[in-house]
Amino acid sequence: MAKPVLEKEGKTVFLLGNEAIARGAIEGGIGFASAYPGTPSTEIIETLAAVAREVGFYVEWSTNEKVALEAAYGAAMSGVRSITAMKHVGVNVAADPLMSSAYTGVKGGFVIVSADDPGMWSSQNEQDNRYYGLHAFIPVFEAYNPNEAKETVRMLFEFSERFEHPVIFRSTTRLSHSRGPVKLGKIPERKTRGTFEKKPDRWTLIPAYSRKLRRKLVEKWENIRRELEEWPFNKFYDYGSKYTIIASGLAYGYVMDALEELNLREKVNILKINTPVPLPHGVVLKALERSEKILVVEELEPIVETEVKKLAFEKGVDLEIHGKDLVPQVGELDLNRVIKAVASFMNIDYKPPEPVTNIDVEIPPRPPTFCPGCPHRATFYILKKAANKLRLKPVYSGDIGCYSLGVLPPFEEQDIIVEMGGSIGVANGLAHTIDQPLIAIIGDSTFFHAGIPGLINAVYNNAPMLVLVLDNRITAMTGHQPHPGTGLRATGEKTIMIDPEKIARAVGVEYTKTVDPYNVDEAQKVLEEALKYVVERKKPALVVMKRACSLLIYREALRRGIENPYYRVIEDKCTACGVCYDFFGCPSIIPKPDGKAYIDPVTCTGCGVCAKVCPFNAIVPGKPASEEWNKLWF
Amino acid sequence: MVLEVRDMRTVNIVIVGVGGQGLITIGRILGNAAVLRNIGVLVSEVHGLAQRGGSVIVHARIGDPHSPLVPLGGAHALLGLELAETIRYLPYVNKNTLLIVNRRFIRPSVPKARMPPVEDTINKLRGKGLKVIDINAFDLASRAGSPVAENIVMLGGLVATNILEGMLSLDDFREAIKNTFPPRWHEVNLRALQYGYNAVKEKLSDK
Ligand SMILES: Cc1ncc(C[n+]2csc(CCOP(=O)(O)OP(=O)(O)O)c2C)c(N)n1
């Protein structure tokens, strides 16, 4: 069975949007790929990493998005085609080099994938990164299904190289995480080594050179706009109607299905746009001239709509233009929303099929939870006990990762969550303005990503806080990617393992410790000691809670056929108090009809923390861990 | 039970359950089968946070779809791998939707969560006039050789209905399973597919 993404030219395979983007990059001849994981972008680089050696190009997980973008930019300066991919908020982290890249341009084709998240399925905001294109003078391309995404990305390398300019491919959750048939093209030879030509007036952005480059950039922008008149995935379907719907990216698919549903196929003109920034004026003008009424359908912000209105104004075309007055600006588009908008635009009545909703069965909510054996659950439990014992009411400055789930009951130990690295960053301000003790809680991947400058600041400006690094030995939230602390690279080679505690020591944190959260009593002692140190000495301290992600180990055990250990409940001792399943909340512990606890031997990972939690000592080892099982942990 | 004749270009299926139950795999097999037969297909899934034991919905549209999401009230079939999630996603269902459900609740680990009784829940669904076919996919999968194949049992159940009639056959799904899994998983999954198929066929001929 060949890997679907490497199937032969001419074959049609069923690919995830992100796999299609990866295939597009392979067909586009990349020699270099770098990224930092983030939903919904992660599988692009994962797919590339899995085939990098076979095809022959370089792939890395970088420390963060800024470094990832810079690395790919550097490779493109040397003439090697490169790609970087990140979630929308990752582009904020990488915004500095992004802006510069438009000034210097590149030599090799350079594609930046921004995977936006309308609907905020796994993000802190809903920003529309097409604005980055307008802001930075970098053209933005979209696609409406995986096949078009593959083709577009493939063509972008040549486009970028021709203009010696970076390009943004903007995906969204629904494109990146939809699967569809993709017709494969040729996998070409590729260039993986380049040359760097010294040219200070191009590569050094000192003011004297930047001023010239800025002028050139604005000129280049209009050239690019003109070139996009010919972009093959922009298309005007003229059915002789006085109504035209302009649909950008994924919205085209919803519009097509909405017209089908409303029996209006081929009765309304459609202008399909995949290049919202810069919007080519010629194709739009043609549509405007043929119409009396326009509806612009696009997800999130009115970017195409604004440009269309501006163009109509400038050209003195008098017609009705609708957009965000009918299409919601907040949240993801879907068929219901687009049908509603189109029906109202066309002035027709539409009655959707009536959903069945009112049924009298009560079901509890199902938020995501810590997995069985999750070391984060143990940490939050221990931390709560330590704080209670010292009668402290700390402010928990939280961060982004699986441990963000600590915001929910029963733990409620994430008082602030804003962005990656924000835990330590925000605590740097609070430390000088509030009286409560501060605990900054940050994951291992997040610590390397953006935590270290904040930590240095805390030492430099003496901001008392306990920094807890929840080191589960992996980037868990985004699906288990290695990072600088894991000793592994994206393509599986072993490398140096960077230790967060040593970094803390090196930058001058005087109190540092590393403990295992499964070792409940010792970990609690350490946390108490560290908290006392911060409160009494008024200095920063750092403790690494080190224990690998149990889901990662459990899956590895499944793969290798290694049996898991488990704990069990002694019926006679269990009083049905519910502490283990209601307040510790391990999904492997289930209440029986009589309220007594039962531990599911299939999913239990034998961490044993619940045995410490049970007030009646009713939980004991059921099956001990085998040697192979213990060896899986690192 | 008599199923009405379908007349539509695109079949909308929602697959619902709990993160970790293998919903994405069902979508992949459906898509692989459609691609084998050269039929249009789009499947939309959820990654990231929700996979940590959260509530999951996978949308599958087969025929001539241009967009990936099933509209509310627009599902022709709902494949419910867990009963609480079946209830949660009822807004996708209309009175003609066929529900193929797993007789099983999975308790979310939220404080004080208690689950309603299985039989009662299924009766209440039927009480709404819905067409419900219930099977015990967990037991069937265990009998097929692995409880993990619960998802494939449910897929077999879907294939046994007339939802994909004229588009995809049981054999197409056999082939798609072989294209989706490594060889050592073929036997168990093909058996799971068949058990689910038989169980639903039996239910259909009962009534
Ligand atoms: C700027 C930015 N990049 C990427 C992400 C996506 N993301 C969310 S959490 C996370 C990493 C979490 O890893 P870690 O800190 O090790 O915590 P874990 O999930 O393993 O507990 C990432 C990459 C993001 N939210 N913001």
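Would you confirm whether any residue within region A:48-56 is buried (at least 23 other Cβ atoms within 10 Å of the Cβ), assigned by TED's automatic domain parsing to the domain that holds A:R174 and modelled with pLDDT of 95 or more? Yes: region A:48-56 contains one or more residues that are buried (at least 23 other Cβ atoms within 10 Å of the Cβ), assigned by TED's automatic domain parsing to the domain that holds A:R174 and modelled with pLDDT of 95 or more.
The set of residues from region A:441-468 being near the ligand (Cβ under 9 Å from one of its atoms) and of a type outside the set (D, E) comprises A:I442, A:G443, A:S445, A:T446, A:F447, A:F448, A:H449, A:A450, A:G451.
So that you can scan it fast, the table gives a plain yes or no per residue for (1) of a type in the set (V, I, T); (2) away from every other protein chain (no Cβ under 14 Å); (3) within 16 Å of the ligand (Cβ to nearest atom):
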{"residue": "A:L6", "(1), (2), (3)": "no, yes, no"}
{"residue": "A:E9", "(1), (2), (3)": "no, yes, no"}
{"residue": "A:I44", "(1), (2), (3)": "yes, no, yes"}
{"residue": "A:V55", "(1), (2), (3)": "yes, yes, no"}
{"residue": "A:A71", "(1), (2), (3)": "no, yes, yes"}
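Within region B:89-128, restricting attention to residues that are open to solvent by 50 Å² or more (accessible area, probe 1.4 Å) and either in contact with a strand residue (DSSP E or B) (Cβ under 6 Å, 6 or more places away or on another chain) or hydroxyl-bearing (S, T, Y) (or both), the residue that is nearest to the other protein chains (Cβ to nearest Cβ) is B:R126.
Condition check: touching a Lys or Arg at 6+ places or on another chain (Cβ under 9 Å), touching a residue at least 12 places away in the same chain (Cβ under 8 Å) and more than 16 Å from A:A33 (Cβ to Cβ). Does A:T152 satisfy that? Answer is no for this residue. I'm checking my understanding of the structure. Among residues of region A:464-520 that are among the basic types (K, R) and more than 12 Å from A:S445 (Cβ to Cβ), which one is surrounded by the most Cβ atoms within 10 Å (Cβ to Cβ)? Only one residue fits best here, namely A:K513.
The set of residues in region A:472-492 being more than 8 Å from the ligand (Cβ to nearest atom), more than 14 Å from chain B (Cβ to nearest Cβ) and not polar (S, T, N, Q) consists of A:R473, A:P482, A:P484, A:G485, A:G487, A:L488, A:R489, A:A490, A:G492.
The residue of region A:383-413 that is most open to solvent (accessible area, probe 1.4 Å), among those that are within 16 Å of the ligand (Cβ to nearest atom) and away from every other protein chain (no Cβ under 14 Å), is A:Y396. Those residues that are among the β-branched types (V, I, T) and within 16 Å of the ligand (Cβ to nearest atom), I need them from region A:101-122; list them, please. Passing the criteria: A:I112, A:V113. For region A:189-245, a residue qualifies if it is under 33 Å from the mean Cα position of the chain (by Cα), hydrophobic (A, V, I, L, M, F, W, C) and not in a helix (DSSP H, G or I), and the qualifying residues are A:F196, A:L205, A:W231, A:F233, A:I245. When the test is whether a residue is open to solvent by less than 90 Å² (accessible area, probe 1.4 Å), within 14 Å of chain B (Cβ to nearest Cβ) and hydroxyl-bearing (S, T, Y), A:S178 passes it. Only one of the listed residues (A:F345, A:F370) is among the aromatic types (F, W, Y), in contact with a helix residue (DSSP H, G or I) (Cβ under 8 Å, 6 or more places away or on another chain) and buried (at least 19 other Cβ atoms within 10 Å of the Cβ). That residue is A:F370. Which one is nearest to A:L455 (Cα to Cα), of the residues in region A:414-433 that are more than 16 Å from the ligand (Cβ to nearest atom) and either among the aromatic types (F, W, Y) or open to solvent by 50 Å² or more (accessible area, probe 1.4 Å) (or both)? In this case the residue turns out to be A:H432. Restricting attention to region A:123-153, and to residues there that are open to solvent by 10 Å² or more (accessible area, probe 1.4 Å) and in a helix (DSSP H, G or I), which single residue is nearest to the ligand (Cβ to nearest atom)? Result: A:Y132. If you check A:G443, A:G454 for being open to solvent by less than 20 Å² (accessible area, probe 1.4 Å), within 18 Å of A:L383 (Cβ to Cβ) and not acidic (D, E), only one passes: A:G443.
The values are calculated or read from the model by the stated rules, or taken from the named source; none is laboratory data. Predicted model only: the values in this text are computed from it and were never measured. So basically every Cβ, Gly included, is an ideal-geometry build from the backbone, and we count neighbours across all protein chains shown. Heavy atoms of the whole protein, side chains included, go into the accessibility calculation; ligands, DNA and RNA do not. Shrake-Rupley method; radii C 1.70, N 1.55, O 1.52, S 1.80 Å.
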